[in-house]
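The values are calculated or read from the model by the stated rules, or taken from the named source; none is laboratory data. Just so you know, these numbers come straight off a predicted model, no measurement behind them. When we count neighbours, we look across all protein chains shown, and the Cβ atoms used for this are built from the backbone with ideal geometry, even at glycine. SASA here: full protein model, heavy atoms, side chains in, ligands and nucleic acids out. Shrake-Rupley method; radii C 1.70, N 1.55, O 1.52, S 1.80 Å.
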Amino acid sequence: MIHQRTLTALEFHKISGRLAELCESPAGRGRALALRPLQCVEEAFLAARVYEESVVCFSAGDNKNGFVLPSFPDICALLDHTAFPAQNPYDADAFWAMRETLGLARIAHEAINVPEAEKHWPNLLHIALAVPWPVQLAAALSRCISDDALIRDAASPELYRLRSELRRMHQTCTRKIREFALQYNISRYLQDEFITLSSDRYVLPLKGNFKGQLQGIIHDWSQTGETCYFEPVFLLELNNRLQELKHEERAEEQKILAYLHGLVLAEITGVRAASELLIRLDILQAKRRLADLFDGRCLALATPEEGIELLDARHPLLALEQSALRRPGDDDRDNCGNSRVRPVRIRLRPGERALIITGGNAGGKTVCLKTLGLIAAMTFSGLPVPAAKGSRIPWFKRIDAFIGDEQSLENSVSTFTAQIRHLAKALKYLDHASLVLLDEFGAGTDPAEGAALALAVCDALLERGAFILAATHFPALKSYALTREHVRAASMLFEPETRKPLFRLAYDQVGASQALHVAREHGLPQSITDRAEQYLLQYGRETSEILDRLNALAAQREKELDNMALERRKAQNALQKTKERLESERRKLYEDVRSRAGELMRAWKEGRVGHKRALKEMAQLRVSLAPAHVAEGNFSTVPAENFQIGQLVLHRAFNKSGTVAEIDERRGRLRLNLNGVTLWAKVEDVSARPTGENPPRLPHVLRPADKKPEAESFRIDLRGMNAAEAVRAVDRFVDRALLAGCAEVEIIHGRGTGALRREIHNFLHTVSSVERFATAPENLGGDGMTIVSLR
């Protein structure tokens, strides 16, 4: 638990007040003001999960519904049975408030209960579906209550009948009065031409000096006494009937309100659940708005053994103040890339239990203590905090803060005695899941005794395993921080030249208090500070100079770290821009390939390009794209005469490894054996490849056919086939060669009688994709083989 005294010292009420300002409804604001840290780690973990799910569910963007909760009435008091018993039903305004609440809850329910809800926001979905929806009450309120908080005519058949008759009676009264005025020419008696109502009865505005000219009843006079409101005799029955109808109307309205009240009592659980859902969504929306103000997030909860890790943590109130002062378009960082509210890194490594912070006055020591304490209180309340990703904090069952002036003249209590009293009461409850914040503990008494007491208190807390964050100027505590096991020292840095605080923590060192400089900066006369320096020479000036030197080294290191962080951010931004540029180029290339392939396919379908021509151009498109994507750095292109028979090479157009089977130096080409497939290839399409190196993969390029062509030789053997079979085989073979992008193929048909060769040649004359063909040289088979060049 976190005592109210600690929450007050940490100014938690200011955070809850700011959260309340961001709520839309009175009920949400009341819930925000009453917000307190949760009682167990499971509740805190669930609250953080629900918040994170609400960010995913309600944030605008792709796959998000962008639901924004508007203001809604508070019906919590209306649902209190003791305030509204059954015999005293609600009025129409109360039911209108319920109607608005249920209608908005239905919209929110539909925004949450979507197909992807179970996967992305299961806990939020469970909240929305936890209680059955008040179906009957919602339908009845929509039917009976209008948008202007009145009971509709259609609320019941009897009410519809009565109001219809009332409208007819009003028309009848109006008509009869006008007829009477015209028949008896009484317009000169009337103060004006309008018919009016008095005591809910139709009357005539009669001039006072004519009151005796007509028979009837005077109901009232005007304030000037010049006009009397006169009911003629002929209107008495009509007005009486109107009063009867209005009485019946009121009775029927009470029946309807009683009926609705009964539905509320029957479905009170669902109504309360709908109201609670809206209040929780209002709080979640306020949390998201709060996080947007200081770029906050919910922290991960760790075990005490993992220590504390707050990265780029800012004091929440200072971060909110900066957000309020920031104008639209302003950046949260200064020219050096640092946040204007200087973030700190508060870290206790595993095994460490105490962090003792030293350094100059007004250097930020107390702010560090309050930052950790307030961030912890907010985290345990399910609130986002201003800390970077990767931050974590243990679950503390108890937090005690000894910060600020707690003296009370009425109770005769000084700051020192108030802190001692509070510590004495809290000490027995502190254990390994406790956090204690000590700001200048022991400073309100004799320095030697106060330092000794502070050391003893730290020992007692460490024996109990509690976490300690202490700020001090005591030299004894500085030595303690450097020598005691499980304790870590840290110092608030200052600028060596100007002595201005840097508001940065340097670990594993202690710092000087800078009291004389701070006093000089805040207006203390120079003569006093000079004399103080003379006194200081008697009490360890050498120690102060050593601490100044350590501070200068630490400040220099922090600047170097800042520069490294700035360079890292620049490198990351440059890398991101390069990735975006490459992605843009990739998309552009992809769209270009799709466009060119699509145009080629349309030309083929429309008959503007033949089938074989389309296949060949598609293959050429693939080959033309391949060199731009194949890494050339590991290969070398060499002349044909430099290749050797049996040398391992790579055919880059096909991305296939093979060996050199034959060399044609005159034509500048090589005959390759690609795992049993032989073909002639130009030297510029072949690269020498070191043994054992894997060939790079070519990117996938769209082809006009979905199937990948089977790997086969670009030489076909037709021997043993009859003419018809051979022609069909050559037709299919040429198609596959075009698809593979081959420029030349070999057809083996044998010598024999020459009949098969003639049939093949006759067929090749009819193929438009064949540029030329001829029998092979004698050393390659002579007239037993035909070499075909494709377009």
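I'd like to verify a number: residues in segment 623-664 that are small (Gly, Ala, Ser), at pLDDT 60 or above and either in contact with a Gly (Cβ under 9 Å, 6 or more places away or on another chain) or buried (at least 16 other Cβ atoms within 10 Å of the Cβ) (or both), how many?
5
Go through (1) at pLDDT below 80; (2) within 60 Å of the chain's Cα centre (by Cα); (3) surrounded by 12 or more Cβ atoms within 10 Å (Cβ to Cβ) for His219 and report which single condition fails.
For His219, the failing item is (2).
Out of the residues in segment 402-417 that are surrounded by fewer than 19 Cβ atoms within 10 Å (Cβ to Cβ) and within 22 Å of Ile357 (Cβ to Cβ), which is modelled with the highest pLDDT?
Top of the filtered list is Phe416.
With respect to Ala313, determine if the residue is more than 25 Å from Ile151 (Cα to Cα), modelled with pLDDT of 90 or more and surrounded by 20 or more Cβ atoms within 10 Å (Cβ to Cβ).
yes
Please enumerate the residues belonging to segment 738-777 that are of a type in the set (Gly, Ala, Ser), in contact with a Ser or Thr (Cβ under 9 Å, 6 or more places away or on another chain) and outside any loop (DSSP other than H, G, I, E, B).
Ala774
Of the residues Arg297, Arg333, Arg347, Arg342, only one is more than 23 Å from Leu10 (Cβ to Cβ) and modelled with pLDDT under 95; which?
None of the others qualify; the one that does is Arg333.
Condition (residue is open to solvent by 60 Å² or more (accessible area, probe 1.4 Å) and under 30 Å from Val385 (Cα atoms)) applied to segment 265-276: is it met by at least one residue?
For segment 265-276, residues open to solvent by 60 Å² or more (accessible area, probe 1.4 Å) and under 30 Å from Val385 (Cα atoms): present.
Let's see how each residue does on (1) open to solvent by 30 Å² or more (accessible area, probe 1.4 Å); (2) at positive phi; (3) of a type in the set (Gly, Ala, Ser); (4) not in a helix (DSSP H, G or I):
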{"residue": "Ala448", "(1), (2), (3), (4)": "yes, no, yes, no"}
{"residue": "Leu453", "(1), (2), (3), (4)": "yes, no, no, no"}
{"residue": "Cys458", "(1), (2), (3), (4)": "no, no, no, no"}
{"residue": "Ile468", "(1), (2), (3), (4)": "no, no, no, yes"}
{"residue": "Lys478", "(1), (2), (3), (4)": "no, no, no, no"}
{"residue": "Ala481", "(1), (2), (3), (4)": "no, no, yes, no"}
{"residue": "Arg488", "(1), (2), (3), (4)": "no, no, no, yes"}
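Take segment 2-22 and flag every residue that is at negative phi and open to solvent by 10 Å² or more (accessible area, probe 1.4 Å).
Selection gives Ile2, His3, Gln4, Arg5, Thr8, Ala9, His13, Lys14, Gly17, Arg18, Glu21, Leu22.
Return the residues of segment 761-783 that are among the aliphatic types (A, V, I, L, M), without any contact (Cβ under 8 Å) to a residue 60 or more places away in the chain and crowded, with 17+ Cβ neighbours inside 10 Å; say none if nothing qualifies.
Of everything in segment 761-783, those that are among the aliphatic types (A, V, I, L, M), without any contact (Cβ under 8 Å) to a residue 60 or more places away in the chain and crowded, with 17+ Cβ neighbours inside 10 Å turn out to be Leu764, Val770.
What tally of residues in segment 138-164 results from selecting those that are in a strand (DSSP E or B) and among the small types (Gly, Ala, Ser)?
0
Scan segment 116-143 and report the pairs whose first residue is farther than 12 Å from Glu53 by Cβ and whose second residue is of a type in the set (S, T, N, Q) and not in a helix (DSSP H, G or I), with Cβ atoms within less than 9 Å and a gap of 6+ or a chain change.
Leu129/Asn113
Among the residues of segment 457-474, how many are within 21 Å of Thr366 (Cα to Cα) and without any contact (Cβ under 8 Å) to a residue 60 or more places away in the chain?
Qualifying residue count for the region: 2.
For the condition closer than 14 Å to Leu166 by Cα and either of a type in the set (Ser, Thr, Tyr) or surrounded by fewer than 16 Cβ atoms within 10 Å (Cβ to Cβ) (or both), what is the one hit in Glu252, Glu244, Glu248, Glu226?
It is Glu244.
Inside segment 567-619, can you point out the residues that are of a type in the set (A, V, I, L, M, F, W, C) and either farther than 30 Å from Ser789 by Cβ or loosely packed, with under 10 Cβ neighbours inside 10 Å (or both)?
Ala571, Ala574, Leu575, Leu582, Leu589
Test Arg719 against the stated conditions and say whether it is at pLDDT 50 or above, open to solvent by 90 Å² or more (accessible area, probe 1.4 Å) and not hydrophobic (A, V, I, L, M, F, W, C).
Yes.
For Leu383, only one of the following conditions fails: (1) part of a loop (DSSP other than H, G, I, E, B); (2) within 30 Å of Asp562 (Cα to Cα); (3) open to solvent by 10 Å² or more (accessible area, probe 1.4 Å). What is its number?
The one condition Leu383 does not meet is (3).
Of the residues Arg736, Arg751, Arg758, only one is open to solvent by 10 Å² or more (accessible area, probe 1.4 Å), without any contact (Cβ under 8 Å) to a residue 40 or more places away in the chain and under 60 Å from the mean Cα position of the chain (by Cα); which?
Unique residue meeting the criteria: Arg736.
Please go through segment 559-600 and give me each residue that is more than 30 Å from Leu493 (Cα to Cα) and small (Gly, Ala, Ser), ordered by number.
Matches in segment 559-600: Ala574, Ser584, Ser595, Ala597, Gly598.
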